[in-house]
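The values are calculated or read from the model by the stated rules, or taken from the named source; none is laboratory data. Computed from a predicted structure; not experimentally measured. Quick reminder, even Gly has a Cβ in these numbers, built from the backbone with ideal geometry, and neighbours come from all protein chains shown. Keep in mind that these areas ignore ligands, DNA and RNA; they rest on the heavy atoms of the full protein, side chains included. Shrake-Rupley method; radii C 1.70, N 1.55, O 1.52, S 1.80 Å.
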Amino acid sequence: MIKRTEIGSILKGQVALDTPVTVMGWVRSFRNTQFVALNDGSSLGTLQVVVNPETTDAETLKRITVGASVCFEGQLVASQGKGQTVEVIANKVEIFGDCDPSVYPLQPKKHSLEFLREIAHLRPRTNTFGAVLRLRHNIAFAIHKFFNDKGFFYMHSPIITASDAEGAGEMFRVTTLDPKNPPLTEGGEVDFSKDFFGRAANLTVSGQLEGELAALALSKIYTFGPTFRAENSNTSRHLAEFWMIEPEVAFADLEDNMNLAEAMLKFCIQYCLDNCREDLDFLATRLVDEEKSKPQAERSEMGLIEKLEFVLAHPFERLNYTEAVDILVNSNHNKKGKFKFPIEWGTDLQSEHERYLVEKHFKKPVILINYPKHIKAFYMRQNDDGKTVAAMDILFPGIGEIVGGSQREERLDKLTERMAEMHIPQDEMYWFLDTRRFGSCPHAGYGLGFERLVQFISGMGNIRDVIPFPRYPGSAEF
RNA sequence: GGAUUUAUAGCUCAACGGUAGAGCAAUCGGCUGUUAACCGAUAGGUUGUAGGUUCGAGACCUACUGAAUCCGCCA
């Protein structure tokens, strides 16, 4: 068994001074052939290990290079230097893994995020990605904690699905058929009845429909799993493989849904402020440095921590789609003709319109509700006005849509009517419709893009930098 | 998928159409309580690829490839 003291616990002051410790980690810098900055990932900070260049053999000293994995045994003492309170005086050095600095891509300097994306297998060793990954873990944990504390059950929706009726996006096909020589039907089409599942199958684009099935038995459930969209999306906020949280609640309406989503988002932010302060402070500083190279007008008004605290301190603005359209139409921005796309009741809002509402007009998160029914999915509950559905989108500054949800249509006749209008095959969906046939009830739910939440809390601009190994068009390396 | 921008040393970036340079990293040496240590020296390039314009192209033009940003699709 390997015994070691984690660097994070030493830096937190959990280890008594003048006690012997064994620390293991990767060298971040080696100054003055004497001072090692050692990091083991347990925290952002590094531990200073002091080696004696006179009593340590020259060959070993040479092998202490940036990136090398090293074990030090020594004494934890108060530091003589200024930059740290404690340090380890090493009396034994063991190199676990050498790291040839002439070919190791990570240098003790600032690298661009684009470059680090090309070496995603090594980027967890950087301060930025270490911080993001620890933060990501804490947000995931906070989500489970939030729902568990509220009596929700974590439900595992399937990853492989044969229904493509939801229409949430292009799907990835799952097949074991030989692509060069697939079985064909008499009509010359690929015969998926010969495929593994006896029918065409895909990776899930949403666990919602299955989530509804569970919610109509357990009342309160959430899913948290990978989701796949085969869209040719090339933006800083889309991935082909991402993680989505989808709560579904029986005996709940749109307002309950909004309350739940707002509480959940705020809980996660508060949890990070309480538990990831060091990493958040680092990311905040990183952001300030990054923005120094931008023109004044493009810099954000608030620092990262300030922004998170601001979101916590104010209720999200809730308004109807119709009201939002009025605000946009009557805005000076519109009167001066500064919108590229016209605003008209009945069309989906463009990014620039959402940005204006969130970043200029309200300057805080916005929940837009009651959208025109023809721009939303078939399962959303139809409002009495006959024109709108009980949909809600939560828009965050810099990210755009972070949550999309609705009260679901629980009335069988209204649901099938809408499915017919939208040409959604009802026979394939018998299992979904059965929930409305047998003991239907009002219920609501939403989908939260996990990476978008990580983006918001970390302040990272590109979604590809908040997931360890991003998948997007043309890229599935590592 | 569309638009725009961009590609120069391992990394980050310079170079008016006129001999391709700096910082960091590397190599060698010095210093030794440092804080992405510091000081001196050395080495490092078919300027993304293929064409074209020009007396002369890293720079201008065309195509291709990759990247970034914005838009669309959404979470």
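Points worth noting:
- Selection status of A:Phe129, assigned to a helix (DSSP H, G or I), of a type in the set (A, V, I, L, M, F, W, C), open to solvent by 30 Å² or more (accessible area, probe 1.4 Å) and within 16 Å of RNA strand B (Cβ to nearest atom): no
- Residue in region A:439-447 that is outside any helix (DSSP H, G or I), open to solvent by 20 Å² or more (accessible area, probe 1.4 Å), at pLDDT 95 or above and on the phi > 0 side of the Ramachandran plot present: yes
- Condition check for A:Met24: farther than 13 Å from A:Val93 by Cα and away from RNA strand B (no atom under 16 Å from the Cβ): no
- Test: residue in region A:132-154 that is more than 25 Å from A:Lys266 (Cβ to Cβ), out of contact with any helix residue (DSSP H, G or I) (no Cβ under 7 Å at 6 or more places or on another chain) and at pLDDT 95 or above: no
- Single residue of A:Gln80, A:Gln84 found to be open to solvent by less than 70 Å² (accessible area, probe 1.4 Å) and free of Cβ contacts under 8 Å to residues at least 40 places away in the same chain: A:Gln84
- A:Asp274 being more than 15 Å from RNA strand B (Cβ to nearest atom) and closer than 30 Å to A:Met460 by Cα: yes
- A:Glu317 being at pLDDT 90 or above, more than 16 Å from RNA strand B (Cβ to nearest atom) and exposed (fewer than 14 other Cβ atoms within 10 Å of the Cβ): no
- A search for C-beta distances below 8 Å between a residue of region A:277-290 that is of a type in the set (Gly, Ala, Ser) and any residue that is not in a helix (DSSP H, G or I), counting only pairs 6+ apart in sequence or on different chains, returns A:Ala284/A:Gly303; A:Ala284/A:Gly459.
- Residue in region A:381-392 that is within 14 Å of RNA strand B (Cβ to nearest atom), exposed (fewer than 15 other Cβ atoms within 10 Å of the Cβ) and not polar (S, T, N, Q) present: no
- Subset of region A:19-44 (residues that are open to solvent by less than 20 Å² (accessible area, probe 1.4 Å) and under 13 Å from A:Glu87 (Cβ atoms)): A:Val21, A:Val23, A:Val36, A:Ala37, A:Leu38
- Members of region A:373-396 that are part of a loop (DSSP other than H, G, I, E, B) and either more than 29 Å from A:Ile424 (Cβ to Cβ) or hydroxyl-bearing (Ser, Thr, Tyr) (or both): A:Tyr379
- For the condition outside any strand (DSSP E or B) and within 26 Å of A:Gln350 (Cβ to Cβ), A:Pro470 qualifies.
- Per-region count, region A:45-65, residues farther than 15 Å from A:Glu94 by Cα and either under 34 Å from the mean Cα position of the chain (by Cα) or crowded, with 18+ Cβ neighbours inside 10 Å (or both): 4
- Looking across region A:363-372, the residues that are at pLDDT 95 or above and not aliphatic (A, V, I, L, M) come down to A:Pro365, A:Asn370, A:Tyr371, A:Pro372.
- Residues located in region A:328-372, provided they are assigned to a helix (DSSP H, G or I) and without any contact (Cβ under 8 Å) to a residue 24 or more places away in the chain: A:Val329, A:Asn330, A:Asn332, A:Asn334, A:Lys335, A:Glu352
- Among the residues of region A:333-344, none qualifies, meaning not one is open to solvent by 30 Å² or more (accessible area, probe 1.4 Å), in the same structural domain as A:Asn257 (by TED's automatic domain parsing) and on the phi < 0 side of the Ramachandran plot.
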